[in-house]
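Structure first, commentary second.
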Amino acid sequence: MNEIPTVSGADQLTYLYLNGYVKADFPSKGLRKEFERCLLSLDEKGNKQQFLPVTSAQAPETSNDHIEKQLYELVSKPSYRYIARQMTWKFTNRYGHEIYCLTPTESQLSALILAIKPRKNKLSRPMVLVGYSQASLASRLPNVDVKRLTKVSPCSIIKSIKGTMPNIDVDKLKLIVSEILSLSTNRGDNDQDRALNYILYQNLAIYSRTYGILYDEEGGCQSAPNARLANIQVLPMMSGDRHVVKVVFEYQNTHGGGSQSWYSAVDVTDEYPFLLGSFERFLPRY
């Protein structure tokens, strides 16, 4: 079984699984000026010139309004990868709050660069992060040894579900996906949060089953839902020497007092969580 190297105190390592957004900062004014100099040295076709134009005495200040677009366009070129290597890469939550500093490998740097690519809707590209967190007395944010960084989006979830339920009402599904994904606003640094985050992005049966309970299996012809998602419980347990978490969704009927619960079980023992089943009926024990 893979285990985290054990250290003590502020250096304790913790498994992570969470979703959020990538942000790149300049750690020094010197690196920012180097970035600005490189921008100025590009000709009209975007080709690199060895020297600055003779009319420029120094690199100009760049505007914060366009810096993300300029940064992506520059560091995505192989000859300017050295700037990307020296940037301070951070992971933020959906509210823009910085929660981790990222330490990527050379191969993962491409994923980070892609994550800051500007989008037409001006929203950042959501990503799923798997790694180790390490608290540091020298840094405000915990450092993360990145193991995997992949792109995710509500649109991809909706598209996959629609492929198996062609008569589904997409507008209703969008509301369900948006509501359930809002549960993933956490740091992803404990068993319960890692399990919750994992199933929200890896178990699409949650969304299709929720849609079927709230509306109907054939496409949701009625305008008002038959039920609502009333509560979610995250129940840690031990199964031998494995750490298992059951995530329980409780649905309450809107036209009566009845309810039903469904769950998904996740093994979170190692750095990579995995499902122990799909989405099954949950019978509470009293």
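Results, tabulated for the structure shown:
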| quantity | calculated |
| --- | --- |
| Three-way shape call for the range 110-218 based on the alpha-carbon gyration tensor, with the a/c threshold at 1.5 | prolate |
| Net charge contributed by nearby residues that have their C-beta within less than 14 Å of D267 (K/R +1, D/E -1) | -1 |
| Alpha-carbon centroids, the range 165-182 and the range 199-216: separation in whole Å | 9 Å |
| Per-residue Cβ neighbour rank within 10 angstrom, fewest leading, R85, R119, R37 | R119, R85, R37 |
| Too-long pairs where the Cα-Cα distance tops 18 Å, listed order kept, from K23/K174; K77/K147; K69/K159; K90/K174; K117/K174; K120/K151 | K23/K174; K77/K147; K69/K159; K90/K174; K117/K174 |
| 10 Å-binned pair-distance histogram of the range 195-281 (Cα, whole percent) | 17, 45, 26, 11, 2 |
| Ranked list, fewest to most other Cβ atoms within 10 Å of each Cβ, for W262, W89 | W262, W89 |
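FYI, it's all coordinate maths here, none of it is from the lab. The shown structure was predicted, so the numbers you read here are calculated from the model rather than taken from an experiment. Please note: Cβ atoms are built from the backbone with ideal geometry, for glycine as well, and neighbour counts cover all protein chains shown.
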